[in-house]
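Colleague: I have a structure here, written as structure tokens, and I will follow up with some questions on it.
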Amino acid sequence: MTDLAERMLGALIGAVELCTVELGRKLGLYAALRDGPLTPAELAKAAGIDERYAREWLEQQAAAGFLTPSFELTPDVASVLLDEGGPDYAGAAAEFAVGVALLTPRVIEAFRTGEGVPYSEYADVRHGIAGFNRPMFDHLLTTEWLPAVPEVDALLRSGSGAAVLDLGCGMGYSSVALAVAYPSITVRGVDLDPDSIAAARSVAAAAGVADRVSFAVGDAAGALSGSYDLVTIFEALHDMGDPVGVLRAARGVLAPGGSVFIADERVADTFTAPAGEVERLQYAFSVLHCLPATRAENPVIANGTILRAPTLLGWARDAGFGSPSVLDIENEFWRFYRLR
Ligand SMILES: C[S@@+](CC[C@H](N)C(=O)[O-])C[C@H]1O[C@@H](n2cnc3c(N)ncnc32)[C@H](O)[C@@H]1O
């Protein structure tokens, strides 16, 4: 077998196993196994599924190494596949893969017509993004990332009731993590996708911060109002159809001394092929999701996922920021910027 054929086979095994993980997550099969191994009949009863399918899935999961040969879900595997928001959670990978596969026929059509595929149609991807990013918001955003900009962290901690605007907030996990960590601040989240905003309101209510976190459906490049000490944009600027307009609008609502904190993809400064693993992942998402979704916005710029640092810094200067900078924060997936 050639190297490429071997690579294709490995990718196929990974892809179909991700689909079986999604079965386990969506049908509650892993959740049913949390308290100990179950026979196929017991799993079928506990999860309300057919017993023959239960047996095949249990055997396949054990064959794939997700369950032990006696169908036990170990705590380590549970923390990766089940514990949403936990530091090891990666179950969103399955949701992502199934989500983009489901929309591939729409993307094929879009390639022919040049039209876009609205973000709102990518329901599983929306959950996948939130699931993937939430552990970083819950465990890194306020303990590592913002403390890397000491005056911003100090202002948020000062108890002075700082105001934060979270643009492209998605399902709201970043907005909520900020409000939980900094008890005196208020946060306003804005996103173009109504379903994301509906979910974000539930996330804030469940976290008990709905009194300080509000959300609105809207285009971040549209007329923003108010005055904010900090504007954040997490993995969303590359998706926005008018990124310079968004940065200009953000600059327009900054309070004196305020700044914009951006996280976007950690990709090479120039096109490089073959690319590293993370950039390969981002490029595939660009083809299957981000570029089609942005093209549905009637964009001024349709950048795709691959937002390179020189491009972002150039947009910031075009929007009037005099000293945009790349922040010295380590992360496998994202690069960080501060615009002033
Ligand atoms: C990759 S998601 C990131 C969501 C969230 N920040 C997170 O990290 O989980 C990009 C988000 O940008 C939003 N978006 C795209 N274009 C937008 C625009 N013009 N104005 C506001 N939000 C936009 C999408 O609806 C989506 O929720």
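Colleague: Rounded, prolate or oblate: pick one for the stretch 71-152, where a ≥ b ≥ c are the square roots of the eigenvalues of its C-alpha gyration tensor, a/c under 1.5 means rounded, and failing that, prolate if a/b is larger than b/c, else oblate.
Modeller: On the way: a/c = 4.34, a/b = 1.39, b/c = 3.12.
Note, shape of the stretch 71-152 comes out oblate.
Colleague: Still on this structure: Ranking Met8, Met1, Met136 by Cβ neighbours within 10 Å, fewest first, what do you get? Show your work: numbers first, answer last.
Modeller: Working: Met8 12, Met1 8, Met136 22.
The fewest-first ordering by Cβ neighbours comes to Met1, Met8, Met136.
Colleague: Could you give me the percent of Cα pairs per 10 Å distance bin for the stretch 253-340, shortest bin first, beginning at zero and ending with the bin that holds the maximum distance?
Modeller: Histogramming the stretch 253-340 at 10 Å steps yields 16, 42, 34, 7, 0 percent.
Colleague: Right, something else. If you rank Ser79, Ser259, Ser202 by fewest surrounding Cβ atoms within 10 Å, what's the result? Don't skip to the end; give the middle numbers.
Modeller: Details: Ser79 15, Ser259 25, Ser202 12.
The most exposed by this proxy come first: Ser202, Ser79, Ser259.
Colleague: Follow-up question, since we're still on this one. For labels at Glu6 and Ala90 in the simple 7 Å Cα→Cβ model, what's the distance in nm?
Modeller: Between Glu6 and Ala90, the simple spin-label model gives 2.1 nm.
Colleague: For the chain, what is the convex hull volume of the alpha-carbon atoms per residue, in Å³?
Modeller: Numbers: hull volume 51.5 nm³, N = 340.
Each residue corresponds to 152 Å³ of Cα convex hull volume.
Colleague: Mind checking the full-extension length gain between Val278 and Glu332? Use 0.36 nm per residue of separation minus the Cα-Cα distance, one decimal, nm. Provide the component values of the computation, followed by the final result.
Modeller: Working: separation 54, 0.36 × 54 = 19.44 nm, distance 0.78 nm.
This chain segment gains 18.7 nm when fully extended.
Colleague: If I build a Gaussian network model for the chain, linking alpha-carbon pairs within less than 10 angstrom, which residue out of Ala130, Ala275, Ala316 has the largest mean-square fluctuation?
Modeller: Sorting by GNM fluctuation, first place goes to Ala275.
Colleague: When only C-alpha pairs under 8 Å and at least 6 residues apart count, what is the relative contact order of the stretch 96-339, in percent? Kindly include the intermediate steps, with their values, before the conclusion.
Modeller: Numbers: 454 pairs, mean separation 46.6, N = 244.
It comes to 19 percent, rounded to a whole number.
Colleague: Calculate the dipole size of the chain relative to its Cα centre from +1 charges on Lys and Arg beta carbons and -1 charges on Asp and Glu beta carbons; express the result in debye to the nearest 20.
Modeller: 820
Colleague: So for Glu17, Glu72, fewest C-beta neighbours within 10 Å to most, what's the order? Write down the numbers at each step before the final one.
Modeller: On the way: Glu17 18, Glu72 13.
Ranking Glu17, Glu72 by Cβ neighbours within 10 Å, fewest first, gives Glu72, Glu17.
Colleague: Principal axis lengths of the stretch 49-205 from Cα atoms, whole Å, largest first?
Modeller: The Cα atoms of the stretch 49-205 stretch 60, 47, 27 Å along the principal axes, largest first.
Colleague: How high is the relative contact order of the stretch 3-77, in percent, with contacts defined as C-alpha pairs under 8 Å that are six or more residues apart? Don't jump to the answer; show the numbers that get you there.
Modeller: Numbers: 60 pairs, mean separation 17.6, N = 75.
Here the relative contact order equals 23 percent.
Colleague: Which residue, Gly252, Gly91, Gly276, tops the fluctuation ranking in a GNM of the chain built on C-alpha contacts under 10 Å?
Modeller: So, out of Gly252, Gly91, Gly276, the one fluctuating most is Gly276.
Colleague: If only Cα atoms are counted, what is the Rg of the stretch 3-77, and what is its Dmax, in Å?
Modeller: When restricted to Cα atoms, the stretch 3-77 yields Rg and Dmax of 13.3, 44 Å.
Every number here is computed from the coordinates shown, using simple stated rules; none is lab data. Only a predicted model underlies this, so the values are computations on that prediction, with no experimental measurement involved. Cβ sites come from the backbone with ideal geometry, for glycine too, and all protein chains shown count toward neighbours.
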